[in-house]
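The values are calculated or read from the model by the stated rules, or taken from the named source; none is laboratory data. Since this is a predicted model, take the numbers as computed values, not measurements. Note that each Cβ is placed from the backbone with ideal geometry, even for glycine, and that neighbours are counted across all protein chains shown. Ligands, DNA and RNA are stripped out before the accessible areas are found, and what is left, the full protein with its side chains, is counted by its heavy atoms. Shrake-Rupley method; radii C 1.70, N 1.55, O 1.52, S 1.80 Å.
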Amino acid sequence: MSGGLPKALPSTGPHSLRDMPHPLAGSSSEEAVGGDSTPSPDLLLARSFADKDLILPNGGTPAGTSSPASSSSLLNRLQLDDDLDGETRDLFVTVDDPKKHVCTMETYITYRITTKSTRVEFDLPEYSVRRRYQDFDWLRNKLEESQPTHLIPPLPEKFVVKGVVDRFSEEFVETRRKALDKFLKRITDHPVLSFNEHFNVFLTAKDLNAHKKQGMALLTRMGESVKHVTGGYKLRSRPLEFAAIGEYLDTFALKLGTIDRIAQRIIKEEIEYLVELREYGPVYSTWSALEGELAEPLEGVSACIGNCSTALEELTDDMTEDFLPVLREYVLYSDSMKNVLKKRDQVQAEYEAKLEAVALRKEDRPKVPADVEKCQDRMECFNADLKADMERWQNNKRQDFRQLLMGMADKNIQYYEKCLTAWESIIPLLQERQEAK
Amino acid sequence: MEPATPDLGRLLQPSPLEPLGHTDAGLEAVVDEDAEGVRDEDVPGDQTMTENNFWLKKIEISVSEAEKRTGRNAMNMQETYTAYLIETRSVEHIDGPSVLTDSLWRRYSEFELLRNYLLVYYPHVVVPPLPEKRAEFVWHKLSADNMDPDFVERRRIGLENFLLRIASHPILCRDKIFYLFLTQEGNWKETVYETGFQLKADSRLKALNATFRVKNPDKRFTELKHYSDELQSVISHLLRVRARVADRLYGVYKVHGNYGRVFREGKGKKHQCVIAFLHAPYWGPGPQLSEWSAIEKEMGDGLQSAGHHMDVYASSIDDILEDEEHYADQLKEYLFYAEALRAVCRKHELMQYDLEMAAQDLASKKQQCEELATGTVRTFSLKGMTTKLFGQETPEQREARIKVLEEQISEGEQQLKSKNLEGREFVKNAWADIERFKEQKNRDLKEALISYAVMQISMCKKGIQVWTNAKECFSKM
């Protein structure tokens, strides 16, 4: 990644939430806010909420009641995820400690969300709250609404279709936890999304449901305006770069789909292989019981095969839990990205249509009407945001896939190493000459 | 009588039944260098080589070729069969050159004939088994077709192994029919039939009968029979499951080949176009898109080379499983050996039953005699009945009958004695060969397990290598 933040692109229109001063940004952006115009009403609104309602009865316990980890070790854990280029991170979020809640109406799992931050947007340096899946879902919807020009990371699937999956099994919960953790970390890494008010509320509010009910319409100016873009305009042609992205996403999604299918097939074959191995090993034991001198060697072979079976089981479990979900996540990601592209098209279409309408009116007025200008701004902002996000996404994708595939290779290497150890250890046993009778 | 070098001891003893042993009894098997699966029969052979000078020549046997033939069978119908070339070489001295002395073609049925003959003439020997007639325990990649070249090749090796086993057996190696099998192409079948061995064969029915009715078999044989039943069952099971395991393993490896294909697809035309667009100057100011396309290219390259390794992985399974077939063949030999063990046990049961019947017959005759002599009728007999009905016989008649009985009794006692002796000889010799067999089995199977473990180790190492290479490619993404 070349630069940390996407450079602020020149814009003539009113400032979006994006231009809110980043604590670490250079003085230029601060000037931009202070100098050019008064902060928009939206920003003020956001601010006031920040001042009043977010001072919640969090009590005096910053890191929550049931935290086994000390703050420093938590920090260490979070810092391991830091991969950005030297940028000083000031926000750390972790998802862990799933717990089952049994109520009269339903049973569900909550996860502990731990936040550490030095940002001014956070009143306390540390927060610890519990959230359930539908809270994440709420957050994502809100982000999509309020930041339509940005790529919002995907959530793990809501429902699991594959067979009868136990929603409360350790494996399922752990897989989901990892995905939710990834989700929040991606938002944390995003220079714009991480400052989103909804995100803040999600991380800090003791009672999220109260907030949901209040129906905080914390839409930014941009969000409002994009929301009102009617779908009636047809885009003549996508600009080349976006067309290229669109095509790329299509190819990417196809490829992902194929890789997902192959991975599933491999796991299936490995499981069937495992089934046979589990029958194979014990037969050597049965044979061993018949023999005299051969009893030990045969028993040894049986144990060896048993060890290999266990190693194989570990491999398939790992692949199922760690590999497949990430692939699926990226499929969801590219789907939502394509939607954002479409929205962008809408914005451009509206602008072009209005522009054309003006041109057709054949008036001599040199000045372009305000609303057309607004459309142009909208479009340019959208384009800028999108490009920046795509760039970021591309880098993250590369890292994610590199890690994913290296992880897959690693797991296979470990599997073979375990088997190798088992077989090598048995050779001396087999070669042992027994004492002559 | 356990000689220090067991083989040597047995070689000097005459075999108990009709020895058609070749006086030129220097048949010593040395495994052909090309033959797969070096057998440990070498070990006793080596001993005899160095310690025994009166073996005039050593012979090397190999089944070197297999050929498809067509000919006319007994019913004058066209048939296709495979013929195997058997070459015999004699070696003048230990490290000397071998000279081809005999070479002839035999088909599977002739091997069967040889074995059946040996079974009849050496019932106390655990006769080596033939490789399977039809392919069994196949998994999907293997063919069940007898004409399939792989099957023929494995059978060739199996037949060579069969001949080597016989040649290294201290008793069987001296058999004349075996010698002729190796040396006399024409007329050999007739020679075998002329021995009349088929007449000597025990009927299956007789053997079955004996199995059920024998009262006092040697416990060791009963145990051995039980063992061979269990052995047969467990090895069958093992081979069946192993075949399924091989099948599944094949599937796992081959499916990885799909990764190879997909990873390489990134180099397709469409992908190139996309990269070209991304490279275009339209992108405008900001982070250069050459970065984007550079990333894509690097990812693509990394993936492609990883794909190559996945292909290597997928194709490596063919050799691995081919080697494993050899292990399966070693197990199969002992599966079939179980039957040979059972045959020896059956023979013992038959002899024992024969003995018991003879003893019983003798006892009843003696009793009859006694009754006649003393005039008491203790047991029911037809004679007694008719006596009651039609009157007693005359003293002359009785005398005559007693005399006949006494002759029969004396004959019977002789027979019983010789049968007893025979039986004991059989037990002694059979047990000696069984001990020899047990040691051979333990040696061979241990070797087989070791080579199996070695195969697995090699497979694991290859796997580690391939995935390490792939990992390196991924790391360059």
Cβ-Cβ below 8 Å, separation at least six or inter-chain, first residue in the stretch B:69-87 and open to solvent by 90 Å² or more (accessible area, probe 1.4 Å), second at pLDDT below 80 and charged (D, E, K, R): which pairs? B:Gln78/B:Arg72
Go through (1) closer than 30 Å to A:Ile305 by Cα; (2) facing chain A (nearest Cβ under 9 Å); (3) small (Gly, Ala, Ser) and name the single condition B:Ser475 misses. (1)
Test of understanding: among B:Ser103, B:Ser90, which residue is open to solvent by 50 Å² or more (accessible area, probe 1.4 Å) and in a strand (DSSP E or B)? B:Ser103
Considering residues of the stretch A:317-359 that are among the β-branched types (Val, Ile, Thr) and open to solvent by less than 50 Å² (accessible area, probe 1.4 Å) only, the residue farthest from A:Glu373 (Cα to Cα): A:Val326
Any idea how many residues of the stretch A:383-403 are within 9 Å of chain B (Cβ to nearest Cβ) and acidic (Asp, Glu)? 1
Which of the residues spanning the stretch A:103-142 are hydroxyl-bearing (Ser, Thr, Tyr) and within 22 Å of the chain's Cα centre (by Cα)? A:Tyr108, A:Thr110, A:Tyr111, A:Thr114, A:Thr115, A:Ser117, A:Tyr127, A:Ser128, A:Tyr133
Among the residues of the stretch A:385-399, the number that are open to solvent by less than 20 Å² (accessible area, probe 1.4 Å) and in contact (Cβ under 8 Å) with a residue 40 or more places away in the chain is 8
If you scan the stretch B:303-313, which residues turn out to be of a type outside the set (Ser, Thr, Tyr) and surrounded by fewer than 21 Cβ atoms within 10 Å (Cβ to Cβ)? B:Gln304, B:His308, B:Asp311, B:Val312
